[in-house]
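Written below as structure tokens is the structure these notes are about.
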Amino acid sequence: MADAIRAFTARHPAVAIDVFPLRWWERDAPLRDGRADVGYLRHPFDDTGLRTVPIGHETKVACLPVTHPLAGRPALTSADLDGEPVLDVRTRRTSSLEEKFELIASGQGIALVPLSVAGSYSRPGLVYLSVTDAPPVGTCLAAPEGNCTGLVRDFLDLATAIPRRPANAPQPSSGLRVAGVVAGEVAPPQAEEQHRHDAGQAAADDRRGG
């Protein structure tokens with residue numbers, strides 16, 4: 001999203017954009033209560049009344065303490081995680097990834113997180129292992145259906161075009177208030193339906209400057 005925001009700002013320099021993290025349980029709430037105009041979210045979430053634009057997929061990896069019996073394996077399967085204590089909103093709500101990872105490092109449980117999160121939160125005491133049969137997590141942009149005009153529409157068009165744009169292509173203009181995922185957690189694949197409320201995301205609120 002950084003590329004989209006930079007291009008957006010170049011086209012609409014008078015529009016300021018604020019990016020803010022969401023708690024796991026907020027999910028699409030900022031799009032419904034007016035705090036954000038656009039969301040960059042991970043599935044699953046309630047998309048009723050929202051226009052969603054698929055962006056891509058993220059691989060999930062298992063986050064384990066280094067002392068875990070499975071920590072030395074090169075990769076895992078879903079069956080390997082059967083019966084493992086999972087830190088999610090149903091078992092232990094945490095206020096931040098740092099808190100969750102501290103609990104994992106101390107042996108209080110495990111979590112499955114998107115690969116981007118693993119790359120951003122490398123620390124002693126934790127290992128990340130691929131889960132070979134885990135389905136990918138879909139990512140998308142989302143905006144209220146009644147607010148997909150003007151700056152919002154421009155941003156959606158810009159953000160979806162950037163991954164396919166050649167490096168020497170001209171930058172399109174765009175602007176609006178945006179929401180986006182910066183970090184997250186998901187349930188083990190064998191309990192996907194039961195753990196649908198555990199995901200990390202972030203929101204951005206932009207406002208006109210001047």
Extension length gain for residue 29 and residue 75 (0.36 nm per residue less Cα distance), in nm, is 13.0 nm
Rule-of-thumb check for segment 66-119: C-alpha Rg over 2.2 N^0.38 Å? 1.14
Ranked highest first by the average count of other Cβ atoms within 10 Å around their residues, in what order do 131-141, 91-101 fall? 131-141, 91-101
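Readers should treat all values here as calculations from the given coordinates under stated rules, not as data from a laboratory. Fair warning: this is a prediction, and the values are worked out from it, not measured in the lab. For neighbour counting, all protein chains shown are included, and Cβ atoms are generated from backbone atoms with ideal geometry for every residue, glycine included.
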